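The values are calculated or read from the model by the stated rules, or taken from the named source; none is laboratory data. Remember, it's a predicted structure, so these values are computed and weren't measured experimentally. Positions of Cβ are backbone-derived with ideal geometry, glycine not excepted, and every protein chain shown enters the neighbour counts. Keep in mind that these areas ignore ligands, DNA and RNA; they rest on the heavy atoms of the full protein, side chains included. Shrake-Rupley method; radii C 1.70, N 1.55, O 1.52, S 1.80 Å.
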Amino acid sequence: PGEAHIVSNLPYSAVHNEGGQAKVFGKYSFTMPKRQFMGNSERLQNDISDKINYEMNQLINKKK
């Protein structure tokens, strides 16, 4: 409750998000810098809460 998880089963998604060793076309190794898709932040939490409240109010008001 209170959480959402964004996942991908693509083989390269973890190294893009977390950084680490990778290979170009399976041949040349290099170190990928961390390029995190989304982290935790107060602004993000507030935006998500605002959106949920707005959508819930829209649903409640439609039923009246």
**Asked** So which residues in segment 26-64 are more than 18 Å from the chain's Cα centre (by Cα), of a type in the set (Lys, Arg) and modelled with pLDDT of 85 or more?
**Response** Lys27
**Prompt:** Quick check, is Gln58 surrounded by fewer than 10 Cβ atoms within 10 Å (Cβ to Cβ) and part of a helix (DSSP H, G or I)?
**Reply:** yes
**Fill in**
The one condition Val7 fails out of (1) assigned to a helix (DSSP H, G or I); (2) loosely packed, with under 10 Cβ neighbours inside 10 Å is (1)
**Prompt:** What residue, among those in segment 18-42 that are open to solvent by 70 Å² or more (accessible area, probe 1.4 Å) and polar (S, T, N, Q), is farthest from His5 (Cα to Cα)?
**Reply:** Ser29
